[in-house]
Amino acid sequence: MKTQVPEKYIIAFKKKYGEDADLNELEKIYKRSLVTPGEAVGVIAAQSIGEASTQLTLRTKHAAGLSVINTTTGLPRLVEIFDAKKDIPTPFIDIYLNSEYSKSKEKASAFANKIIEIKIEDITTSYTVSPRKKEIVFVIDKDVLKEYGFTMKEIISHLSRMKISTSVEGDKLLVVDKSASDVKKLIRLRNKIVNVNISGVPGISRAILNQDKEGNYWIKTIGTNLAEILKMEEVDVSKTVSNDIIEVSKVLGIEAARNLIIEEVRGTLENVGLTVDNRHIFLIADAMCLDGTVRGIGRYGLSGEAESVLARASFEVPFKHLIEAGLYHESDPFKYVANNIVSNQVIPVGTGEVKLVVKENGKGNNEESSGEDKKQ
Amino acid sequence: MDIDIFKNRLSPQYKIMQKEEVDKLLEEYNVSLKDLPKIKLNDPAVKQLNANEGDVIEINRKSATAGEYNYYRVVVK
């Protein structure tokens, strides 16, 4: 394959050595700087990030009592990303608004209030379950109700999909379920009702209004529900993203997830003042997104799915893998590093990857001519 | 699904490749279709492109180190 020197190097080269500089010289330098075939780039990437991450503080800063949103940073965040963890402990979305909403504080804060999820739980002060009447009584906090601007009727309409009869008595909400045979069923019903969404986007528990340097308002949330947020017309789709990689891969696709991995890893490392070459991060992100889903690095991800039995066994829990391989009659292709080390053979890295090929008759370079030779 | 995910800043440029382009690509890199990186049929980007199983998608990535370059993924189930 022909290698082409990227244009930005040509421009930089000409700037330094003049317009009529020798481009052949540049090509030589460029080719020398390329990664040679067979280089163990994965190991180098692992070392480069691994070494830097020993400098990270193991414990995240304790931020209890502060009004700042607490997000996972440092080493725990790195582990979270590389393991492709589902349901991360501190998900958030940075919501950017369309120009109409981002300029005015009232509109932006009205939108922030609109997306916060309010459940029946948030407006009730207490409840009682009476098994004999097959009835649950919720005491609704009228002040809170007024603050949010709901009426009792609206709340009942949210419950209409359930097979129960509801009625209002003063500030009490009565729910009767005739089919409930015992207390357990009533309790289960109560837990269901308490989690009924009255307004807002499910999953968003808090929304905080921020202002950037240009005076535009944007919103940071605790909790995430990117699919619903992006559907709203007030939101600027081009800029709004969440920090949950698995969620992004489902909503925006695998390529977006790959870009987010790179962004988050770089951001986390930069936050603590570490610099790792981008190429290492690119390589890891590409490896994680290779087969169309985000796979973590580790026992349940990339390393656990290796084709070779011995490679898997040499990583973690060897007996489990060896016994399973024996049970299911697995074979080992001996193509990788770990199994060749185990069996004392040359590893396929660097010069070890090159195989000697000898033609049968020692003549000719293509199949056509060698076929002719045989005929004679 | 009403969201235009291609507008998002994390999304690169996608394009479904023609048959001839795919053949040329595979020949240039001396690989077969199954060696290419994969993208799932239910991926939001594939859905928006209306691509079918077996199609090769050309992804134009913007990179901090290499400027712009193409990446290829084959659509699988």
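The values are calculated or read from the model by the stated rules, or taken from the named source; none is laboratory data. Bear in mind the structure is a predicted one, so any value in this text is a computation, not a measurement. Cβ atoms come from the backbone with ideal geometry, glycine included; neighbour counts cover every protein chain shown. Areas reflect the complete protein model, heavy atoms only, side chains present, ligands, DNA and RNA absent. Shrake-Rupley method; radii C 1.70, N 1.55, O 1.52, S 1.80 Å.
Tell me, please, whether a residue that is in a helix (DSSP H, G or I) and either of a type in the set (V, I, T) or open to solvent by less than 60 Å² (accessible area, probe 1.4 Å) (or both) can be found in segment A:20-29.
yes
Which residue pairs have Cβ atoms closer than 8 Å, lie 6 or more positions apart in sequence or on different chains, and pair a first residue in segment A:274-286 that is away from chain B (no Cβ under 11 Å) with a second residue that is open to solvent by 30 Å² or more (accessible area, probe 1.4 Å) and aromatic (F, W, Y)? The qualifying pairs are A:I284/A:F82.
Return the residue satisfying two criteria in turn: it lies in segment A:222-239 and is within 20 Å of A:V294 (Cβ to Cβ) and within 9 Å of chain B (Cβ to nearest Cβ), and of such residues it is nearest to the chain's Cα centre (by Cα). Please lay out each step first, then the result.
Step one: of segment A:222-239, the residues within 20 Å of A:V294 (Cβ to Cβ) are A:224-227, A:230.
Add one more test, that the residue is within 9 Å of chain B (Cβ to nearest Cβ), and what stays is A:227, A:230.
Values: A:A227: 14, A:L230: 17 Å.
Checked segment A:222-239; the qualifying residue nearest to the chain's Cα centre (by Cα) is A:A227.
Only residues that are outside any loop (DSSP other than H, G, I, E, B) and farther than 22 Å from A:T72 by Cα: list them for segment A:207-228, please.
We begin by selecting, within segment A:207-228, every residue outside any loop (DSSP other than H, G, I, E, B); these are A:207-211, A:217-222, A:226-228.
Passing the criteria: A:Q211, A:Y217, A:A227, A:E228.
Kindly indicate whether B:Y14 is under 23 Å from A:P6 (Cβ atoms) and touching a Gly at 6+ places or on another chain (Cβ under 9 Å).
On the way: under 23 Å from A:P6 (Cβ atoms): yes; touching a Gly at 6+ places or on another chain (Cβ under 9 Å): yes.
Considered against the rule, which asks whether it is under 23 Å from A:P6 (Cβ atoms) and touching a Gly at 6+ places or on another chain (Cβ under 9 Å), B:Y14 comes out as yes.
Residue-level check: of (1) more than 12 Å from chain A (Cβ to nearest Cβ); (2) surrounded by 16 or more Cβ atoms within 10 Å (Cβ to Cβ); (3) over 26 Å from A:L230 (Cβ atoms), B:D55 misses just (3). Applying the criterion of being touching a residue at least 12 places away in the same chain (Cβ under 8 Å) and open to solvent by 60 Å² or more (accessible area, probe 1.4 Å) to the residues of segment A:301-316, the residue that is nearest to B:G54 (Cα to Cα) is A:E307. In the set (1) closer than 19 Å to A:L252 by Cβ; (2) crowded, with 16+ Cβ neighbours inside 10 Å; (3) modelled with pLDDT of 90 or more, the condition left unmet by B:Q13 is number (2).
Comparison of A:G223, A:G215, A:G200 shows that the only residue that is within 14 Å of A:D94 (Cα to Cα) and touching a residue at least 12 places away in the same chain (Cβ under 8 Å) is A:G223. Comparison of A:I193, A:I187, A:I155, A:I219 shows that the only residue that is surrounded by 12 or more Cβ atoms within 10 Å (Cβ to Cβ), outside the structural domain of A:N70 (by TED's automatic domain parsing), closer than 30 Å to A:E100 by Cα and within 36 Å of the chain's Cα centre (by Cα) is A:I219. Regarding B:I3, is this residue within 9 Å of another protein chain (Cβ to nearest Cβ), open to solvent by less than 30 Å² (accessible area, probe 1.4 Å) and closer than 16 Å to B:V74 by Cα? So B:I3 does not fit the description; no. In the set (1) in contact with a strand residue (DSSP E or B) (Cβ under 9 Å, 6 or more places away or on another chain); (2) more than 30 Å from A:D182 (Cβ to Cβ), the condition left unmet by A:K146 is number (1). For segment A:131-166, the set of residues classified as without any contact (Cβ under 8 Å) to a residue 12 or more places away in the chain and not basic (K, R) consists of A:D143, A:E147, A:G149, A:T151, A:S157, A:S160, A:T166, listed by residue number. The residues of segment A:149-172 that are within 14 Å of A:T124 (Cα to Cα) and in contact with a strand residue (DSSP E or B) (Cβ under 6 Å, 6 or more places away or on another chain), listed by number, are A:M152, A:I156, A:D171, A:K172.
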